[in-house]
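Visitor: One structure is given below, represented as structure tokens, and several questions about it will come after.
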Amino acid sequence: MTDFKQQAAQEAAKLIQPGDTIGLGAGSTMIHLITAIKATPGLAETLTVASSSFSTRLRLMAEGFTVKESGWLSRLDWYFDGCDQFDHWLNALKSGGGVHTAEKILAAMADNFVLVGDSSKQSVRFDSTYPLVVEVIPEALSYVADRLKRSFHPTRSELRLSVRKDGAVITERGNFLIDSWFSPFPEPVDLNDQVGAIPGILEHSLFFNLAHKAITAGPDGIMEWS
Ligand code: 5RP
């Protein structure tokens, strides 16, 4: 069976030049990208690499990459990441993995932020499939939950629970995650401005006006969006 995420990752790897400083996000497409970089002769050992994801960092190290802490870098040539969905204007909804705060920092640092995935990720507009995720500091949990409900009227808004459902998911920074679904999805510009202004939210998972390009692969072949 054709793996479209692998195809898109192989296309994305062609953008990287020897000596570049790159960042990689989270998810299965990023694992394919690591494989594609390794398969490009003379490339991997010349790169400076950072990642927003613990599991991607582990995979990079297992493949022999030296992974730099992003706090010691102020810019990247490229940041590659998957997403849950991206719209016609290259706004992206992320955070299947709950690490959108670190992802957004690397995306903002990059001269080029490229979304990579299969063609199912593309949608003209966001719909009710994927939630907006907010990372909330513990002191603000109930206040933020209430503000989200009163201001945006989500169809569902939930504290993210661990797989065993006997506790909340705690992020790498000791915070909570709230997932909120909307129908219809609010205007991204409004959501970005208004949710970003609520005290106690460290970061939200709408990547508004940050991506420069998207590469997808699907039954119709490779597509590039910019
Ligand atoms: C993590 C994400 C991932 O990039 C997203 O879940 C896509 O993953 P995959 O490459 O497995 O489709 O947003 O926060």
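Visitor: For the stretch 46-66, which residues satisfy the criterion of being in contact (Cβ under 8 Å) with a residue 12 or more places away in the chain and farther than 13 Å from G25 by Cα? Before the answer, list the steps.
Guide: Step one: filter the stretch 46-66 for residues in contact (Cβ under 8 Å) with a residue 12 or more places away in the chain, giving 46-56, 59-60, 63-66.
Hits for the stretch 46-66 are T46, L47, T48, E63, G64, F65, T66.
Visitor: Right, here's the next one. For the stretch 13-28, give me the residue count where each residue is more than 17 Å from L106 (Cα to Cα) and within 13 Å of the ligand (Cβ to nearest atom).
Guide: Residues in the stretch 13-28 being more than 17 Å from L106 (Cα to Cα) and within 13 Å of the ligand (Cβ to nearest atom): 1 in total.
Visitor: Looking at the stretch 105-117, can you tell me whether even one residue there is near the ligand (Cβ under 10 Å from one of its atoms), in contact with a Ser or Thr (Cβ under 8 Å, 6 or more places away or on another chain), among the hydrophobic types (A, V, I, L, M, F, W, C) and under 21 Å from T171 (Cβ atoms)?
Guide: No, the conditions are met nowhere in the stretch 105-117.
Visitor: Sticking with this structure for a sec: May I ask you to list the residues in the stretch 84-100 that are near the ligand (Cβ under 10 Å from one of its atoms) and in contact with a Leu (Cβ under 7 Å, 6 or more places away or on another chain)? Give the steps one after another, and end with the answer.
Guide: Of all residues in the stretch 84-100, those near the ligand (Cβ under 10 Å from one of its atoms) come to 84-85, 92-100.
Scanning the stretch 84-100 gives D84, Q85, A92, L93, G98.
Visitor: Does G25 satisfy the condition of being under 12 Å from the mean Cα position of the chain (by Cα) and at pLDDT below 95? Full working, then the answer.
Guide: On the way: under 12 Å from the mean Cα position of the chain (by Cα): yes; at pLDDT below 95: no.
So G25 does not fit the description; no.
This table checks each residue for (1) farther than 20 Å from Q85 by Cα; (2) at pLDDT 95 or above.
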{"position": "Q122", "(1), (2)": "no, yes"}
{"position": "F126", "(1), (2)": "no, yes"}
{"position": "P131", "(1), (2)": "no, yes"}
{"position": "A140", "(1), (2)": "yes, yes"}
{"position": "K149", "(1), (2)": "yes, yes"}
{"position": "H153", "(1), (2)": "yes, yes"}
{"position": "L159", "(1), (2)": "yes, yes"}
{"position": "V163", "(1), (2)": "yes, no"}
{"position": "D166", "(1), (2)": "yes, no"}
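Visitor: Just to be sure before I move on: is A26 surrounded by 13 or more Cβ atoms within 10 Å (Cβ to Cβ), farther than 12 Å from A13 by Cα, touching a residue at least 24 places away in the same chain (Cβ under 8 Å) and touching a helix residue (DSSP H, G or I) at 6+ places or on another chain (Cβ under 9 Å) in the structure I sent?
Guide: Numbers: surrounded by 13 or more Cβ atoms within 10 Å (Cβ to Cβ): yes; farther than 12 Å from A13 by Cα: yes; touching a residue at least 24 places away in the same chain (Cβ under 8 Å): yes; touching a helix residue (DSSP H, G or I) at 6+ places or on another chain (Cβ under 9 Å): yes.
Taking the combined requirement at face value, the residue satisfies it.
Visitor: Could you grab me the full set of residues in the stretch 44-83 that are surrounded by fewer than 20 Cβ atoms within 10 Å (Cβ to Cβ) and either among the acidic types (D, E) or within 16 Å of the ligand (Cβ to nearest atom) (or both)?
Guide: The answer is E45, F54, S55, R57, L58, R59, E63, E69, S70, D77.
The values are calculated or read from the model by the stated rules, or taken from the named source; none is laboratory data. This one's a predicted model, so the numbers in the text were calculated from it and none came from an experiment. With ideal geometry, Cβ positions are generated from the backbone for all residues, glycine too; neighbour counts draw on all protein chains shown.
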